[in-house]
Every structure is written in structure tokens, then in C-alpha cells.
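Q: Here it is, the structure in full.
The values are calculated or read from the model by the stated rules, or taken from the named source; none is laboratory data. Not measured: the values here are computed from a predicted model. Positions of Cβ are backbone-derived with ideal geometry, glycine not excepted, and every protein chain shown enters the neighbour counts.
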Amino acid sequence: MGADGPRGAPAGPLVPPRLRPVGVFDSGVGGLTVLGALRARLPGEDFLYLGDTARLPYGTKSADTVARYSVQCAGLLVARGIDALVVACNTASAFALPALAAAYPGLPVVGVVEPGAAAAVAATRTGHVAVLATEATVRGGAYARAIERLRPGTRVTSVACPLFVALAEEGWTDGAVVHAVAHRYLDAAFAAADAPDTLVLGCTHFPVFAPVLREVAGPGVRIVDSAATTAEAVAALLSARGRTPRDDRRGTLRLLATDGPERFARVGAVFGIAVAPGDVELVDLAQPPPAAGTA
Ligand code: DGL
């Protein structure tokens with residue numbers, strides 16, 4: 001075949017491949033912290049975000065349930081048509097990446113645990129890191145393993161903070177209740193003489209508490225999360241696959257939720273994503289998804 005096409009026939013106009021959105025999911029609004037960093041890093045890309053609000057929280061569930069829910073979330077996004085998937089949930093990243101790779105071979109998938117661990121090892125000077133995460137993420141030990149891989153010998157103190165998920169979904173990010181909960185979770189780890197010097201927010205719901213956590217943990221403690229490093233990882237992945245930055249346009253955003261779209265829109269504003277209630281589409285993961293390209 002020559003450059004002109006089969007048997008020398010003149011080639012038709014070159015139609016660039018249709019670029020599809022990057023899919024992003026979390027159990028709820030938490031992944032919006034990652035979405036914000038993705039949109040800042042890749043402003044020309046379109047994003048399709050799903051919050052599985054009907055089944056939140058993931059962080060108290062078993063590994064098998066989290067993997068099954070995650071495959072269902074990805075299935076809906078894949079059916080709508082996406083070019084890559086960001087698992088903007090640490091709990092799902094800890095348990096579902098193998099199941100997602102098996103269910104959707106060929107789909108590039110980026111989780112948030114490795115990028116969060118990379119941010120933590122880059123920040124720590126003393127080699128003692130605190131990981132705040134859901135019960136399931138702490139139980140599974142994914143952060144401790146990822147940090148050990150990146151910087152062997154790092155000491156990791158993990159603290160399960162399930163109430164922060166409920167507070168974030170409520171849109172409560174400050175005030176007496178949040179301070180009391182933060183003290184209850186952090187005081188034991190940060191009162192010690194050999195306290196961690198770095199605190200990694202190992203749940204995507206937690207970055208909204210950073211100002212309170214800074215007060216409670218102490219001014220010398222570095223607070224990091226996975227949002228910026230995940231956005232870098234996604235940019236590198238798209239570029240490695242030959243996708244040039246779409247700098248000539250402003251990307252679009254579509255938001256989906258499995259329950260309470262009005263609530264999602266309201267709390268989404270706390271997470272820096274301003275949307276009107278009518279802009280969040282209610283979806284049902286139990287229904288067969290629409291065929292790709294028809295949405
Ligand atoms: N945002 C999710 C995470 O990063 C979990 C919240 C939940 O428990 O559903 O782990």
C-alpha cells in the first residue's frame with residue numbers, strides 16, 4: 001500500500017481520529033479534587049466524571065465489593081466512550097486495578113495510590129510519613145507497600161479516618177465538629193516526639209480538610225495528596241500514546257451520579273467544581289448502558 005492508499009487510489013481527506021473524554025470515577029464527590037487537578041493540567045481535554053453516590057462509602061466495604069463496584073463504574077464510562085480512565089478513589093485504586101485491567105484490556109487506567117505515594121516520598125525529610133485513608137485502604141496496606149517500593153525503609157503510620165468521608169459528603173470542611181474529629185484521629189500520631197513530618201491524604205475526599213489538618217498536625221508538617229501527581233501521570237500517559245495537548249480549546253465536563261444529583265451539585269461546589277443541579281445526570285448502573293457514541 002502506497003501513501004495514496006490501496007493500489008494508488010487518491011487518499012480522501014485525512015480525518016483525524018475522534019478524541020474521546022478521559023473518564024474519572026470515585027464513590028462520590030471526593031474524586032472532584034483529582035478532577036480539578038486534571039482540568040488544570042489538561043485544560044483542553046474533555047472529562048466524564050462519575051460519582052457512585054448511591055453506594056458510597058466504598059471505604060468500609062470488602063475488597064471484592066469495591067472491585068465489583070469499580071468494574072461497574074468503569075463499564076458505564078467505557079460504554080459512553082472514553083480514551084483513558086482515572087480511578088480517582090484510593091480505595092478503588094487499592095483493590096480494583098487488576099479487575100479493571102482484566103475487564104477492559106487495552107484501556108489505559110491510572111490509579112491514585114502510586115501518585116500519592118510518590119508525593120509523600122518526595123516531601124518527607126525524616127522518612128516518617130502518616131497516611132490518612134479509609135478503613136479499607138489502611139487494611140489493604142497499598143500505601144505502605146507503594147511507599148516502601150519507592151523509598152525502602154520509610155516508616156509509615158496509617159490512620160483510618162472514615163468519618164471524614166461523611167463530613168466531606170456533607171460539605172462540612174471546617175468548624176467545631178471537623179476540628180474535634182481531626183484531633184481524635186491525629187493527636188496520637190502527631191503528639192509523639194518522633195511524629196511524622198509528612199501527612200499524605202490517602203483518600204480523595206480529604207484535601208478539603210487540609211487547612212484544619214495543618215492546624216491540628218502542626219505547622220511543620222507537610223501535607224500532600226495525589227491530585228497533582230495523578231494529573232502529571234495522566235498527562236504523561238496521554239503523551240506517551242501520541243496524544244498532543246489540545247491547547248486550542250477549552251475542554252468540556254460532564255458529571256454523572258448514581259443518586260442525589262442535586263446534592264452532588266451542591267457539595268461539588270465545596271470541592272471547587274461549580275455546577276448547576278440540572279448539570280448532573282442521574283445514571284443507573286443496574287441498567288444496560290447506552291452504546292458507545294450514542295450518549
Ligand atoms: N474517595 C475515596 C477514596 O479515595 C473513598 C471514600 C469512600 O469511603 O467511599 O478512598
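Q: In the list GLY111, GLY75, which residue meets the criterion of being at negative phi, of a type outside the set (A, V, I, L, M, F, W, C) and within 14 Å of the ligand (Cβ to nearest atom)?
A: Working: GLY75 fails: within 14 Å of the ligand (Cβ to nearest atom).
Exactly one of GLY111, GLY75 is at negative phi, of a type outside the set (A, V, I, L, M, F, W, C) and within 14 Å of the ligand (Cβ to nearest atom), namely GLY111.
Q: Collect the residues in the range 221-244 that are of a type in the set (Gly, Ala, Ser) and part of a loop (DSSP other than H, G, I, E, B), keeping them in residue-number order.
A: SER226, GLY242
Q: Let me ask another. Condition (residue is modelled with pLDDT under 95, within 16 Å of the ligand (Cβ to nearest atom) and not in a strand (DSSP E or B)) applied to the range 170-186: is it met by at least one residue?
A: Yes, some residue in the range 170-186 is modelled with pLDDT under 95, within 16 Å of the ligand (Cβ to nearest atom) and not in a strand (DSSP E or B).
Q: State all residues of the range 114-139 that are under 19 Å from ALA236 (Cβ atoms) and within 11 Å of the ligand (Cβ to nearest atom); if no residue qualifies, say none.
A: GLY116
Q: Sort out which residues of the range 54-89 are in contact with a Ser or Thr (Cβ under 9 Å, 6 or more places away or on another chain), of a type in the set (D, E, K, R) and assigned to a helix (DSSP H, G or I), and write them in order of number.
A: Once the filter is applied, which keeps residues that are in contact with a Ser or Thr (Cβ under 9 Å, 6 or more places away or on another chain), of a type in the set (D, E, K, R) and assigned to a helix (DSSP H, G or I), the range 54-89 yields only ARG80.
Q: A further question follows. Considering each residue of the range 30-66, count those that are among the small types (Gly, Ala, Ser), under 18 Å from LEU97 (Cα atoms) and buried (at least 21 other Cβ atoms within 10 Å of the Cβ), and give that number.
A: Result for the range 30-66: 3.
Q: Determine, yes or no, whether GLY202 is out of contact with any Leu (no Cβ under 8 Å at 6 or more places or on another chain) and touching a residue at least 12 places away in the same chain (Cβ under 8 Å).
A: Details: out of contact with any Leu (no Cβ under 8 Å at 6 or more places or on another chain): no; touching a residue at least 12 places away in the same chain (Cβ under 8 Å): yes.
No: the conditions fail for GLY202.
Q: If you check LEU77 against the conditions, is it under 20 Å from LEU50 (Cβ atoms) and touching a residue at least 12 places away in the same chain (Cβ under 8 Å)?
A: On the way: under 20 Å from LEU50 (Cβ atoms): yes; touching a residue at least 12 places away in the same chain (Cβ under 8 Å): yes.
Answer is yes for this residue.
Q: Then there is this: Keeping to the range 41-57, report how many residues are closer than 17 Å to VAL275 by Cα, more than 10 Å from the ligand (Cβ to nearest atom) and touching a helix residue (DSSP H, G or I) at 6+ places or on another chain (Cβ under 9 Å).
A: So the answer is 4.
Q: Can you name every residue in the range 117-151 that is closer than 14 Å to ILE223 by Cα and out of contact with any strand residue (DSSP E or B) (no Cβ under 9 Å at 6 or more places or on another chain)?
A: Matches in the range 117-151: ALA118 only.
Q: Within the range 190-211, track down each residue that is at pLDDT 95 or above, surrounded by fewer than 19 Cβ atoms within 10 Å (Cβ to Cβ) and in a helix (DSSP H, G or I).
A: Hits for the range 190-211 are ALA210, PRO211.
Q: Please work out if TYR143 is in contact (Cβ under 8 Å) with a residue 40 or more places away in the chain, surrounded by 17 or more Cβ atoms within 10 Å (Cβ to Cβ) and farther than 17 Å from THR124 by Cα.
A: no
Q: Answer yes or no as to whether PRO21 is of a type outside the set (Ser, Thr, Tyr) and modelled with pLDDT under 95.
A: no
Q: With (1) under 15 Å from the mean Cα position of the chain (by Cα); (2) not in a helix (DSSP H, G or I) as the list, and VAL34 as the residue in question, which single condition is left unmet?
A: All conditions are met except number (2).
Q: Further, regarding this structure: Return the residues of the range 37-46 that are outside any loop (DSSP other than H, G, I, E, B) and over 13 Å from the mean Cα position of the chain (by Cα); say none if nothing qualifies.
A: First, pick out the residues of the range 37-46 that are outside any loop (DSSP other than H, G, I, E, B): 37-41.
The answer is ALA40, ARG41.
Q: Which condition number does PRO105 fail, the rest of (1) in a loop (DSSP other than H, G, I, E, B); (2) surrounded by 24 or more Cβ atoms within 10 Å (Cβ to Cβ) being met?
A: Condition (2) is where PRO105 drops out.
Q: When the residues of the range 238-272 are narrowed to those that are surrounded by fewer than 15 Cβ atoms within 10 Å (Cβ to Cβ) and of a type in the set (Ser, Thr, Tyr), which ends up nearest to LEU50 (Cα to Cα)?
A: Selected residue: THR252.
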